[in-house]
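No lab work stands behind these numbers, since they all come straight from the coordinates. Treat the numbers as computed from the prediction; the structure is a model and nothing was measured. Note: ideal-geometry Cβ built from the backbone for every residue, glycine included; neighbour counts use all protein chains shown.
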Amino acid sequence: MKLHVITIAYEKPVALRGLIDSFILQTNPDWIMTIFHDGPPSLEVKRVANLYDNEKRVAFHATTGRRGNWGHDNRREGLAMQLGDPGDFVLITNGDNYYIPTFVEYMLEVIQGAIRRKEQRVGMVYCDFLHHTLGYINMISQPKLNYIDMGAFIVDLKIAQEVGFVHMDPAADGIYCEECVAKCREKGLQVVHLSKTAFVHN
């Protein structure tokens, strides 16, 4: 089981390095990251990308032109191109976010624990988070529009790809979440709340 991390970035080289390092420091190494920079990167961003040339779990891509559109086009492309094994999960996040060192461990353990206990298979796990626009107060997530951030949940990769990232408006993140939840329930998969604050939205 592996976590595919799709990171959407636009400049902010210092924050991007912090995001990547927060995964390098994860206690569970079962993750890979694909970074999609929106448009040609600055020299500073290139320098950050070059720091990870020898880290096989990190791949850096840049679009030929600036797409904008809240990064949704890059999310759609990144989701579609993931090649994973059955049982892999996916996280879509932004390049200025931060994850605690046990994020991957905690999230994957929810799934693996259900397997060991021979419970209903898990299709989505979501956690609580801190949000910068609210003074970094703790946000108790709910898997629906306006109550969760894109970076606070992981979804079975095949489910996520079946849903796709098709909405291209400011509410697309929440709609994608709701559609993943609906698809999980349609397939009889658990949607589990991990009541730990494991993610910082910047």
(message) With unit charges on the beta carbons (Lys and Arg positive, Asp and Glu negative) and the dipole taken about the Cα centre of the chain, which residue among M139, S42, V5 sits farthest to the positive side?
(response) V5
(message) Under 5 Å between amide hydrogens, which residues at least 5 positions from I148 or on another chain qualify, with H placed 1.01 Å from N in the peptide plane?
(response) Q142
(request) Just add up the charged neighbours of A9: K/R +1, D/E -1, any other residue whose Cβ is under 10 Å from the Cβ of A9. (result) -2
(message) I'd like the Karplus ³J(HN,Hα) series for the range 127-138: coefficients 6.51, -1.76, 1.60, θ = phi - 60°, whole numbers in Hz, and an x wherever there's a Gly or Pro.
(response) 10, 7, 7, 9, 10, 5, 5, 10, x, 6, 7, 6
(message) I'd like the Karplus ³J(HN,Hα) series for the range 2-12: coefficients 6.51, -1.76, 1.60, θ = phi - 60°, whole numbers in Hz, and an x wherever there's a Gly or Pro.
(response) 9, 9, 8, 9, 9, 10, 9, 10, 8, 6, 6
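Counting alpha carbon pairs within less than 8 Å and at least 6 residues apart, what relative contact order, in whole percent, applies to the chain?
Once normalised by length, the contact order is 26 percent.
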(request) For a quick protection proxy, order the peptides 12-24, 106-118 by their average other-Cβ count within 10 Å, most packed first. (result) 12-24, 106-118
(request) Give, rounded to the nearest 20 debye, the magnitude of the charge dipole that the range 1-144 has about its Cα centre when Lys and Arg contribute +1 at Cβ and Asp and Glu contribute -1 at Cβ. (result) 220 debye
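If R0 is 35 Å, what FRET efficiency do you get for D53 and I175 from their C-beta distance, rounded to 0.05?
E between D53 and I175, to the nearest 0.05, is 0.45.
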(request) Sum up the charges of everything whose Cβ sits under 14 Å from the Cβ of L79, counting Lys and Arg as +1 and Asp and Glu as -1, but leave L79 out. (result) -3
(request) Assuming R0 = 30 Å, can you tell me the calculated FRET efficiency for the pair T27 and R67, based on Cβ-Cβ distance, to the nearest 0.05? (result) 0.30
(request) Rounded, prolate or oblate: pick one for the range 105-182, where a ≥ b ≥ c are the square roots of the eigenvalues of its C-alpha gyration tensor, a/c under 1.5 means rounded, and failing that, prolate if a/b is larger than b/c, else oblate. (result) oblate
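Can you give the charge dipole size of the range 26-66 about its Cα centre, rounded to the nearest 20 debye, using +1 on the beta carbon of Lys and Arg and -1 on the beta carbon of Asp and Glu? Walk me through the intermediate numbers first.
On the way: 5 positive and 5 negative charges, 19 e Å.
Rounded to the nearest 20 debye, it is 100 debye.
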(request) Quick one: compute the contact order of the range 1-104, relative version, from alpha carbon pairs under 8 angstrom and 6+ residues apart, as a percent. (result) 49 percent
(message) What does the charge count around I20 come to, taking other residues whose C-beta lies under 11 Å from its C-beta (Lys +1, Arg +1, Asp -1, Glu -1)?
(response) 0
(request) Could you sort 144-151, 32-39, 87-94 so that the peptide with the highest average Cβ count within 10 Å comes first and the rest follow in order? (result) 87-94, 32-39, 144-151
(message) Residue by residue through the range 187-194, what is 3J(HN,Hα) from phi via Karplus (6.51 cos²θ - 1.76 cosθ + 1.60, θ = phi - 60°)? Round to whole Hz and write x for glycine and proline.
(response) 8, x, 9, 6, 10, 10, 8, 8
